[in-house]
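K.L.:
Quick one: this structure, given as structure tokens, is what I'll be asking you about.
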Amino acid sequence: MFVAIDDTDSQDRMCTTYLIYRIIADGRYDIIDEPQLVRLNPNIGYKTRGNGALNICLGKGSGKTNIIGKISGKYVYSYSRIEEEPDVNQLMDYVSSIVDEFYVRDDDKTNPGIVISRTKFNEELYSTALQEDINIEFIENYLRGRAVYKKFKTGHGIIGSAASLAWKGQRYTYELLDYRYPHYTGLTHEEKMEISKIPEKYASTFNNIDTVNGYPAIFPKPKTPVVMGIRGIVKNDLINIYEEIQNFHKIQDDGYIIYRTNQGTDDHIINNPDYISDMGSYAVTGVISGNPYTIEGGHSFVSLNYKNREIKLAAFEPTKEFRKILLSLVPGDIVTAYGSYMAGTLKLEKIRIRKIATLYSRENPLCPVCNVRTKSKGKADFRCPSCHRRYKTPVYREINRNVSEGFYEVPVIARRHLAMPVKLNNYFYGSGIHDGVM
Ligand code: ATP
């Protein structure tokens, strides 16, 4: 039986993944397959942090076993098959008691929702939840007759819960989340930076550390039960990295769970759409149609002609050194821009410069007799200051552009959970680089 939970945390407290940890730690049900952490529309206003929803399959399991975590020093396993489904009402009572115990009550924005279903849902719901703002009535209608659900307060969380059950997981990565309840405070910033370098040594991991901006990305900023989160594509590497970190710097934790996730997959990106709507995320290929500029606050912009409409590409101040790339673009450059769209502006997550326009500088010709630069005396009139010979045509010289074709992405400090890091292009798309389009 699939159980999905969302919207139990607030900006600075708790983390919905911790509730899944508690369910697993209780050991009341067997776990079937891998627990899932599903990120949804990154443009949704009511998200607290990364708009993530969770689901897990519970029951009596059989078949092959697979490590999904380590709790109190012992590995925890899941089964590959479900042998016996649990009673839905009992399951709902149990999961509700966990949500009831841990959700952040005193925040209006925290509105938990639980969905329990024997089957997963149609993938269309997942795609919609990545692009649009779905209303709760739509989800309640959708769930009627399909699943049971429970709302706490407004119960807005049933939207994310239901959508997470519609993720089929064709493309996926893993995240190992390590916990300490209520939270772990034993590390200085310098220690966090040092520890973050450990996963960075493994080619299969991503978004660990931003050395330029001094940001240890595996450690969350708010005080939640999450000690650290390590992302990667090879589960065994994550298990080894955890042990390496513990050997390097003993962290007093309760245990960790490894989630299968849609993080780093670009699942939210629609390639070259005919229609672009607010709240959606896209990859659009077009021609740069204006000169870049920066406004107060350090936000940089440039316009792109995409299918005969103008889109403003934005690299906001938090994207730090990435803004230099945007500022190096000139009219005529052909690019594919990736990001989320709102009110005419595409907030960039990455950009692929496909073709650099050739720029020329116009210079007065040299006098071939005296080898001296001529002086301009009017239109098509260049005179040698030495012998006074006249020449009609200027010289055009190619300007060396300080940028090369290829992919550029925002630094780790500004990266979104769903955005596919450039280093994963090959993993997901093989040698045929992800064009986005064409
Ligand atoms: P965290 O990352 O710490 O888990 P969060 O950013 O996921 O926090 P939530 O507390 O889960 O934030 O709140 C997100 C809310 O948005 C939930 O109520 C969820 O049901 C809802 N939601 C998610 N996707 C959509 C969507 N496409 N349309 C409408 N509501 C959505």
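K.L.:
Among the strands (runs of 3 or more DSSP E) lying completely within the stretch 316-429, list those that include at least 2 residues that are among the β-branched types (V, I, T).
P.N.:
Details: elements: 334-342, 345-355, 360-363, 395-398, 406-409.
By residue number, 334-342, 345-355.
K.L.:
Filter the stretch 32-91 down to residues that are within 16 Å of the ligand (Cβ to nearest atom) and either open to solvent by less than 60 Å² (accessible area, probe 1.4 Å) or part of a strand (DSSP E or B) (or both), then give me how many there are.
P.N.:
We begin by selecting, within the stretch 32-91, every residue within 16 Å of the ligand (Cβ to nearest atom); these are 35-56.
Pick out the ones that are also either open to solvent by less than 60 Å² (accessible area, probe 1.4 Å) or part of a strand (DSSP E or B) (or both) and you get 35-44, 48, 50-56.
Final tally of qualifying residues: 18.
K.L.:
Quick one: which of T173, T154 is within 22 Å of L19 (Cα to Cα), open to solvent by less than 10 Å² (accessible area, probe 1.4 Å) and modelled with pLDDT of 95 or more?
P.N.:
Details: T154 fails: open to solvent by less than 10 Å² (accessible area, probe 1.4 Å).
Among T173, T154, only T173 is within 22 Å of L19 (Cα to Cα), open to solvent by less than 10 Å² (accessible area, probe 1.4 Å) and modelled with pLDDT of 95 or more.
K.L.:
If you go through the stretch 1-47 one residue at a time, how many are within 18 Å of K221 (Cα to Cα) and of a type in the set (S, T, Y)?
P.N.:
5
K.L.:
Only one of (1) open to solvent by 30 Å² or more (accessible area, probe 1.4 Å); (2) in contact with a helix residue (DSSP H, G or I) (Cβ under 7 Å, 6 or more places away or on another chain); (3) not in a loop (DSSP other than H, G, I, E, B) fails for D267. Which number is that?
P.N.:
With (1) open to solvent by 30 Å² or more (accessible area, probe 1.4 Å); (2) in contact with a helix residue (DSSP H, G or I) (Cβ under 7 Å, 6 or more places away or on another chain); (3) not in a loop (DSSP other than H, G, I, E, B) applied to D267, the lone miss is (3).
K.L.:
From I158, I198, which residue is away from the ligand (no atom under 16 Å from the Cβ) and over 21 Å from the mean Cα position of the chain (by Cα)? Walk me through it before giving the result.
P.N.:
Working: I158 fails: away from the ligand (no atom under 16 Å from the Cβ).
Just a single option satisfies the conditions, and that option is I198.
K.L.:
Same structure, new question: Does G297 satisfy being surrounded by 15 or more Cβ atoms within 10 Å (Cβ to Cβ), in the same structural domain as H417 (by TED's automatic domain parsing) and touching a helix residue (DSSP H, G or I) at 6+ places or on another chain (Cβ under 8 Å)? Please lay out each step first, then the result.
P.N.:
Numbers: surrounded by 15 or more Cβ atoms within 10 Å (Cβ to Cβ): no; in the same structural domain as H417 (by TED's automatic domain parsing): yes; touching a helix residue (DSSP H, G or I) at 6+ places or on another chain (Cβ under 8 Å): yes.
When the stated conditions are applied, G297 does not pass them.
K.L.:
Moving to a separate point now. Out of E194, E244, E190, I need the residue that is open to solvent by less than 60 Å² (accessible area, probe 1.4 Å), over 30 Å from I134 (Cβ atoms) and either at pLDDT below 95 or out of contact with any His (no Cβ under 6 Å at 6 or more places or on another chain) (or both). Which one?
P.N.:
Details: E194 fails: open to solvent by less than 60 Å² (accessible area, probe 1.4 Å); E190 fails: open to solvent by less than 60 Å² (accessible area, probe 1.4 Å).
E244 is the lone residue from the list that is open to solvent by less than 60 Å² (accessible area, probe 1.4 Å), over 30 Å from I134 (Cβ atoms) and either at pLDDT below 95 or out of contact with any His (no Cβ under 6 Å at 6 or more places or on another chain) (or both).
K.L.:
State which residue is farthest from the ligand (Cβ to nearest atom) when the search covers only the stretch 118-151 and only residues that are within 28 Å of the chain's Cα centre (by Cα) and assigned to a loop (DSSP other than H, G, I, E, B).
P.N.:
If we take residues in the stretch 118-151 being within 28 Å of the chain's Cα centre (by Cα) and assigned to a loop (DSSP other than H, G, I, E, B), then T119 is farthest from the ligand (Cβ to nearest atom).
K.L.:
Something else about it: For L125, are the conditions met, namely being crowded, with 22+ Cβ neighbours inside 10 Å and closer than 30 Å to A343 by Cα?
P.N.:
No; evaluated as a whole, the condition is false for this residue.
K.L.:
Mind checking which residues of the stretch 330-367 are open to solvent by less than 10 Å² (accessible area, probe 1.4 Å), over 19 Å from Y275 (Cα atoms) and touching a residue at least 60 places away in the same chain (Cβ under 8 Å)?
P.N.:
Matches in the stretch 330-367: K350 only.
K.L.:
Let me ask something else. So which of I136, I98 is within 16 Å of L19 (Cβ to Cβ) and of a type in the set (V, I, T)?
P.N.:
I98
The values are calculated or read from the model by the stated rules, or taken from the named source; none is laboratory data. As the structure is a computational prediction, the values presented were derived from the model and not from experiment. Don't worry about glycine lacking a Cβ; one is built from the backbone with ideal geometry, like all the others, and counts go over all protein chains shown. When the accessible area is computed, the model is the full protein with side chains, heavy atoms only, and any ligands, DNA or RNA have been set aside. Shrake-Rupley method; radii C 1.70, N 1.55, O 1.52, S 1.80 Å.
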